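Encoded as structure tokens, the structure appears first; notes follow it.
Just so it is clear, none of the values below were taken in a lab; they were calculated from the coordinates. No experiment lies behind these values; they were computed from the predicted model shown. Every residue, glycine as well, gets a Cβ built from its backbone with ideal geometry; the counts of neighbours run over all protein chains shown.
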Amino acid sequence: MACVGSSRLCARVEKLCQFGQFAQFRRKVSTTCVKFRQEFQQPAKTVVQHCKTDSRTRICSRLEGVRSMSSMQTQQPGSLPEYQVDPYRLLEDDLKDVYDDIRQALTENTTQEDLKTIATYYFDGQGKALRPMVAILIARAINYHKERSDLLASQRQVAMIAEMIHSASLIHDDVIDQSDFRRGKPSVNVLWSQKKVTMAGDFILAVASMMIARLRNDDVTLTLSQVVTDLVQGEFMQLGSKETENERFAHYLTKTYRKTASLIANSAKAVAMLAGADDHLAEVAFQYGRNVGLAFQLVDDLLDFVSSSAAMGKPTAADLKLGLATAPVLFACERYPELNPMIMRRFQEPGDVEKAFELVHKSQGLEQTRFLAKKHCVEAARLAQSLAESPYQKGLLVVSDLVINRMK
Amino acid sequence: MALNKSLSVVLRGGNAISGLLCNKYHLLIKDKRDFCPGATRSFATKVAASQKPDWNRAVSEAEKIVGYPTSFLSLRWLLSDEIANVALHLRKLVGSNHPLLKTAKSLIYNGRNNMQAWGLIVLLISKAAGHLNVDDMEEDKAAGVLYSQRALAEVTEMIRTSHVVHKGLVNIHPGVYPEASEMNDMTFGNKIALLSGDYLLGNSCAELAALRNQDLVELMSSAVRDLAEAEFIGRRDSQNNPLPPIPPLDRNGYAVKEWTLQNVLSAGALLGKSCQGTLKLAGHNNEVQEQGYKFGKHLALAWQACLDLGPFIGKDHSIPFSLCCAPVMFHIEHDPTILTEIDKGLESVHNVDYAKVHDIIMTGPGVELTKQLQKEHSQKAMEVLNVFEESDARTALSNIIAAMGDY
């Protein structure tokens, strides 16, 4: 019964995720690739790529079969044994000074010591630097695809900007969520007052948009400013919840896109545009980032239920305590409808958090969340396959794998 | 303006939806009423000729010169989900002590501190300076300004409002709100204030980006940076209210230097850069743009000096004032012993005996020097205006400056 139920839900989720654009998009991508190959007139490469694509399709179709049996947990679709590239090592030189440069950019914009300290607090180099890494990786993969080997200074700037926008939003989240720990150290709101922290967030955003403006590219500015509006709208969406299950899931996915995936997707698009990519190639970058971003957040929401405080650097079941119903809960309430009233009252009553936590673990919610995340990773990998083969392109495949299999 | 009304409806406990609809109706009426440029033109000159320019009249006449009210909260804003969301959440705050309500109310009152006036200034200077080599399609003919300039005026208001809203958060220190319900109100109020401010900021980013002028984006972003930096200047109490910095041994020039530093960052930079930016959009050269910056900066400083004077020139002695306002700063330079009273506010400015400080100030040179300060900045702003040709917009601007000095 559970199997039937979950596959039914997954099918629905699939529909919601796609918003009807996916099928169309797939067509677009494949035609683009064909066009590219014709343009570049590299027959040998084309053949190789075609073979690759074919084998890929086979894997995908095999996966379809597996999926229908709903035993995805035993398979590792993203793991492709021949790729042993570590993207962080691959980009070591590009990434090593990113935090230093961000701190430099921030400190040279103010003379106030307090502001410098708060603004640079989260740029201590302890973070995963996922956003700059993905941005630079895509930049290099796209550059290679466009037959150039260097990383543009402007693309590296976008990587820095992505991390800055992310941190500004973290800092504002801290004011709202009143969390005590972040990245394994006291969060900013514990150390400084709400007003100063808020202003420091505004400051980081302002400096980031000055850096955006200095790239002197209208479309890049438009793309990156979209991120900021998405972040705020996502935050607003988190304030409210929807009545029916269907609406709730769509609401959750849109919120996830806006709060997490939009930044990764749009910075990917921005670096592609800086490389001179046409609309289709920029869209490939965007969709890669979007899928990786969605998968990343889904796994994050999943880990909130399974990992220990030590591994995450923040307390577990934090989302429930904040009154947020994430994917695992939404999946679980398919099996345990008694979760519905708890979701509506945002787990406010005593015992709600514990009860919900238990029900999620008893249900298939976690597996289903992982399954959905995997789907996005597979899609991301498929998009990465459409780029010319290079270490960086391989890196993109590894990233989609990493996102699923990370422990923290 | 529209936000003000919708907030007022909400604050009165009315239904948010009906509030929004009322506004829609009101806006439509207002648009009709204001749209008669011919009539207003003669009106403006009449004001210029009259002896005693009144503030509110100067502003409302000026509004007509540039078409319709400059408020960023046009219909499209009112109908957005987020604004409706904020209005709903604000209702929950009614009855609590959260200062966001006060901020909301202050947006309603049409005082000299009115945010809308900032967008208006930007439009007036745009019209006064005119524009060069611009596509016909991009001009709002009736008003004599470009659509992009109107957008910039909106952005200016949004940035300023966002800053005021963010300033209105409460610092929640452990143990200050022992009662859970009060603590919850404050936390929730902070959340709404933070998000509303971010919403305005995010939208100003998007609006700016849509203008496709990267010099302008950089300029306006640097104004946002300045506003944020302003909140870190000098000494602060536990609620981040400013206290005057400790003067050096040689106090000469202390008041003007510190006051100017604070207020250029918190006000002058935004208005200055907006005025500079609007001239940039009009295709003027760097020199003229610089003049625009000077105009906006001095006007904002004159304005601030005027606001600082308020509590010290009326009959009402109970108007609250900032401990860093110009009269106090001038008094410290004159006689720093007043700091013994002021420093009682290091923990919280509420521990200061304001009546006592007020009385001390009235015996010193602070008020007179502030009037001079205002006059200097007004004059500098006026000087810039003389660069431009005679026009109704220029007259309106000088009326506004004149009305400021009108006690």
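Annotations for the structure displayed:
- Across A:355/B:167; A:185/A:259; B:102/B:297; A:185/B:344; A:128/A:394, pairs whose alpha-carbon gap is larger than 29 Å: A:355/B:167; A:185/B:344
- R0 of 35 Å, Cβ-Cβ distance residue B:387-residue B:256: FRET efficiency to nearest 0.05: 0.90
- In order along segment A:206-218, the Karplus-derived 3J(HN,Hα) couplings, from 6.51 cos²θ - 1.76 cosθ + 1.60 at θ = phi - 60°, round to 5, 5, 4, 6, 5, 5, 4, 4, 5, 6, 6, 9, 4 Hz, and Gly and Pro are given as x.
- Segment B:118-216 shape via C-alpha gyration tensor axes, a/c threshold 1.5: prolate
- DSSP-loop GluC sites (Glu not before Pro) across segment A:179-277, with at most 14 other Cβ within 10 angstrom: A:243
- Ascending count of other beta-carbon atoms within 10 Å, so fewest first, for A:363, B:318: B:318, A:363
- FRET E, pair residue B:317, residue B:176, Förster distance 25 Å, beta-carbon r, rounded to 0.05: 0.25
- Counts of other chain beta carbons within 10 angstrom of each beta carbon in peptide B:331-343 average 0.
- Taking amide H positions as modeled 1.01 Å from N, with prolines and chain starts lacking one, the residues under 5 Å from residue B:140 and 5 or more places away or on another chain are B:145, B:146, B:147.
- ³J(HN,Hα) computed for each position of segment A:390-405 - Karplus, 6.51 cos²θ - 1.76 cosθ + 1.60, integer Hz, glycine/proline x: 6, x, 6, 5, 5, x, 4, 5, 5, 4, 5, 6, 4, 4, 6, 9
- Overall form of segment B:169-263 per C-alpha gyration tensor (a/c, 1.5; a/b vs b/c): oblate
- Inter-label distance for residue B:134 and residue A:96, nm, one decimal - labels placed 7 Å from Cα along Cα-to-Cβ: 5.1
- Segment B:328-334 - phi-based ³J(HN,Hα) in whole Hz, Karplus 6.51/-1.76/1.60, Gly and Pro as x: 5, 4, 5, 5, 4, 4, 6
- Cα shape, segment A:347-388, gyration tensor, a/c 1.5 rule: prolate
- The calculated FRET efficiency for the pair residue A:219 and residue B:344, based on their C-beta separation and a Förster distance of 51 Å, comes to about 0.35.
- Listed from fewest to most Cβ neighbours within 10 Å, the set A:232, A:158 follows the order A:232, A:158.
- For residues of A:222-233, the mean tally of beta carbons on other chains within 10 Å: 6
- Across peptide A:185-196, the average count of Cβ atoms from other chains found within 10 Å of a residue's Cβ is 4.
- Entries in A:269/B:191; A:195/B:257; B:141/B:375; A:269/A:374; A:255/B:191 that, when Cα-Cα distance is taken, lie over 27 Å: A:269/B:191; B:141/B:375
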